[in-house]
Amino acid sequence: MNSDANPIWTLVWTFGLMSLFAVGGANAAIPEMHRVAVDVQHWMTDKQFADVFAISQMSPGPNVLIVTLIGYSVAGVGGALAATLAMCVPTAVLAYYVSRLFARSRTHSRWPAIIQAALVPLSIGLMSASGLILALTSDRTWIAAVVTVVAAVLAFATRLNPLWMLLAGGCLGFAGVIG
Amino acid sequence: MPPDSPTAASPAPDIPTSTPPGLIALFVAFAKISLAGFGGVLVWARRAIVDQHRWMTADEFNETYALCHFLPGPNVVNLSVVFGSRFRGIPGGIAAFAGLLGPPMLIVTMLAALYAHFGEIDALRRILAGVSCAAVGLLISAVFRMMMPLVKRRDLVGLVVMAAVFTAIGLLRLPLPAVLLVAIPLSIAITFAIRRRVTA
């Protein structure tokens with residue numbers, strides 16, 4: 001990956017590879033997105049990464065659309081399209097072939113269950129790393145950290161619609177409480 | 001499900017009697033699912049596919065979702081392709097995929113353009129900072145929810161594997177492919193060894 005290459009190809013290569021390693025979904029790949037976009041390629045700052053995460057959580061659609069925002073910030077509309085397709089197409093093709101394989105040979109093999117059981121702790125480990133990295137990028141003040149903890153506790157203990165918590169966070173931010 | 005249940009190829013009696021969806025129906029259904037789903041599309045996918053359209057039974061849906069969950073990549077995207085192609089082959093898979101991703105991608109691209117123009121405005125910066133604090137809290141609560149079954153089962157091996165991945169990715173910031181190329185075979189080998197000892 002040389003830096004003078006066309007940024008679109010860098011996006012396609014980066015997210016195409018990431019697609020096949022996103023065990024547990026898009027949120028599990030957030031540490032890798034942060035590592036590539038902020039630390040390796042310097043596409044965005046920590047603050048901008050936290051912002052695009054916030055925008056992706058407020059928008060309708062699957063969580064994977066955070067890569068659309070990263071792609072846009074690198075190369076505009078073309079970058080948005082390239083990053084999204086690169087993140088979604090390889091694994092979609094894989095899913096298509098694996099599901100056909102399963103439908104054809106419905107042998108009661110125990111390997112799918114073993115692989116699934118083996119991947120669960122991995123994906124939780126990846127998600128918890130996402131939580132840590134996003135907390136480090138978002139919670140720059142102690143009040144911000146308190147907001148995160150309160151949102152986590154409320155979401156864990158109640159069935160409150162998460163949109164209310166995002167809205168409350170936005171209002172606190174607008175009021176200048178978070179800093 | 002009975003052990004002699006027919007394979008997916010033959011019409012099973014427990015499949016809901018609804019006509020299989022066409023390409024446009026697939027596109028529209030997944031566009032609706034996607035646009036309704038803030039934060040979590042899966043709930044809406046289940047509601048639309050199982051309850052509203054009766055295109056799958058709850059068991060079939062769970063089975064399809066389990067398959068998509070153990071494959072890498074965005075789970076709901078995988079689900080849309082597997083679901084669409086089951087009814088209408090590759091064009092069906094593409095229609096569902098395009099419905100799920102197309103409309104929200106347009107919205108998010110517009111938001112990205114707005115952010116590129118106005119992202120430096122102080123009020124917007126503050127709002128986004130507040131939203132991201134709350135959004136991180138939501139993600140952390142989701143992690144704890146997923147962790148609870150491991151804790152309740154006292155699955156020590158699972159918790160150690162989880163902690164190892166957390167350390168490698170979250171603290172040491174190692175590249176994801178390298179970590180998983182070690183962790184996946186290792187975790188599968190451990191799981192296999194434990195299961196064999198239990199059944200032996």
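Derivation of every value follows stated rules applied to the coordinates shown; laboratory data play no part. Given the structure is predicted, the values throughout are model-derived calculations rather than measurements. Note that each Cβ is placed from the backbone with ideal geometry, even for glycine, and that neighbours are counted across all protein chains shown.
Can you give me the span-like helices of chain B, meaning DSSP H runs with 30 Å or more of Cα extent along the axis and Kyte-Doolittle mean at or above 0.5? Before the final figure, lay out each step's value.
On the way: long enough: B:75-118 (44 Å, 1.21); B:122-152 (45 Å, 1.29); B:176-199 (33 Å, 1.54).
Helices passing the filter in chain B: B:75-118, B:122-152, B:176-199.
For a Förster distance of 35 Å, can you work out the FRET efficiency between the beta-carbons of A:Tyr97 and B:Thr19, rounded to the nearest 0.05? Could you put the intermediate results ahead of the total?
On the way: r = 27 Å, r/R0 = 0.77.
It comes to 0.85.
Using the basic label-point model (7 angstrom from Cα toward the beta carbon), what is the B:Val157 to A:Cys171 distance in nanometres?
If labels sit at B:Val157 and A:Cys171, their model points lie 4.9 nm apart.
Provide a whole-number value for the mean count of partner chain Cβ atoms within 10 Å of the Cβ atoms in peptide B:153-165. Numbers along the way, then the final one.
Numbers: counts 0, 0, 3, 0, 2, 7, 3, 2, 7, 10, 4, 3, 12.
The mean count of partner-chain Cβ atoms within 10 Å per residue comes to 4.
Tell me, how many Å apart are the Cα centres for region A:121-179 and for region B:75-127?
Computed from Cα coordinates, the inter-centre distance equals 23 Å.
What Rg and what Dmax come out for region B:84-163 when only alpha-carbon atoms are used, in angstroms?
Answer for region B:84-163, Rg first and Dmax second: 20.2, 50 Å.
Could you compute the FRET efficiency for A:Ile115 and B:Arg47, with r as their C-beta to C-beta distance and R0 at 25 Å, rounded to 0.05?
Details: r = 29 Å, r/R0 = 1.14.
Using R0 = 25 Å, I get an efficiency of 0.30.
Per the Kirkwood formula on distinct C-alpha pairs, the Rh of region A:1-123 is how many angstrom?
On the way: mean 1/r = 0.0638 Å⁻¹.
Result for region A:1-123 stands at 15.7 Å.
Can you pull out the trypsin sites (Lys or Arg not before Pro) in region B:114-156 that DSSP calls coil and that have at most 12 other Cβ atoms within 10 Å? Mind showing how you got there, number by number?
Working: sites: B:Arg125, B:Arg126, B:Arg145, B:Lys152, B:Arg153, B:Arg154; in loops: B:Arg153, B:Arg154.
Answer by residue number: B:Arg153, B:Arg154.
What FRET efficiency would be calculated for the residue pair B:Ile190, B:Val28, taking the C-beta separation as r and a Förster radius of 30 Å, to the nearest 0.05? Spell out each step's value before the answer.
Details: r = 45 Å, r/R0 = 1.50.
Once the sixth-power term is evaluated, E becomes 0.10.
Chymotrypsin sites (Phe, Trp or Tyr not before Pro) within region B:140-197: which are DSSP loop residues with at most 16 other Cβ atoms inside 10 Å?
none
What is the gain in length, in nm to one decimal, between A:Trp142 and A:Asn6 on full extension, counting 0.36 nm per residue of separation less the C-alpha to C-alpha distance? Display every interim value, and only then the final one.
Numbers: separation 136, 0.36 × 136 = 48.96 nm, distance 4.08 nm.
Working it through step by step, the gained length comes to 44.9 nm.
Roughly what would the spin-label model give for A:Val40 and B:Leu106, points 7 Å off Cα along C-beta, in nm?
Calculated label separation equals 3.4 nm.
What's the angle, to the nearest 10 degrees (0 to 90), between helix A:46-58's Cα axis and the longest principal axis of chain A?
Relative to chain A, helix A:46-58 is tipped by roughly 70 degrees.
For the protein assembly as shown, count the residues as N, evaluate 2.2 N^0.38 Å, and divide the Cα radius of gyration by that value, please.
On the way: Rg = 20.7 Å, N = 379, 2.2 N^0.38 = 21.0 Å.
Against the empirical 2.2 N^0.38 Å value, I get 0.98 for the protein assembly as shown.
Can you give the mean number of other chain Cβ atoms that lie within 10 Å of the Cβ atoms in peptide A:144-153?
Details: counts 6, 3, 2, 8, 9, 4, 3, 9, 10, 4.
Partner Cβ neighbours, averaged per residue: 6.
List the chymotrypsin sites (Phe, Trp or Tyr not before Pro) in region A:86-179 that DSSP assigns to loop (not H, G, I, E or B) and whose Cβ has at most 13 other Cβ atoms within 10 Å. Which are they? Don't jump to the answer; show the numbers that get you there.
Working: sites: A:Tyr96, A:Tyr97, A:Phe102, A:Trp142, A:Phe156, A:Trp164, A:Phe174; in loops: none.
Filter output for region A:86-179: empty list.
So what's the projected area for chain B, the Cα convex hull averaged over all directions, in nm²? If you can, show how the numbers build up before the last one.
Details: hull surface 62.7 nm².
Taking a quarter of the hull surface, the average projection is 15.7 nm².
Averaged over its residues, how many other protein chain Cβ atoms are within 10 Å of peptide B:85-93's Cβ atoms?
What the average comes to for B:85-93 is 2.
With labels modelled as points extended 7 Å from the Cα through the Cβ direction, what inter-label distance (nm, one decimal) is found for A:Lys47 paired with A:Leu163?
3.0 nm
Report, in deg cm²/dmol and to the nearest 500, the calculated mean residue ellipticity at 222 nm for chain A, where each DSSP H run with n ≥ 4 adds -39500 (n - 2.57) and the sum is divided by the residue count. Each step should come with its number before you reach the end.
Working: 7 runs with 129 residues, N = 179.
After summing the helix terms and dividing by the residues of chain A, the value is -24500 deg cm²/dmol.
Can you give the Rg to Rh ratio for region B:155-200, taking only C-alpha atoms and Rh from Kirkwood? Please report the intermediate quantities before stating the final value.
Working: Rg = 12.2 Å, Rh = 11.4 Å.
Radius of gyration relative to Kirkwood radius: 1.07.
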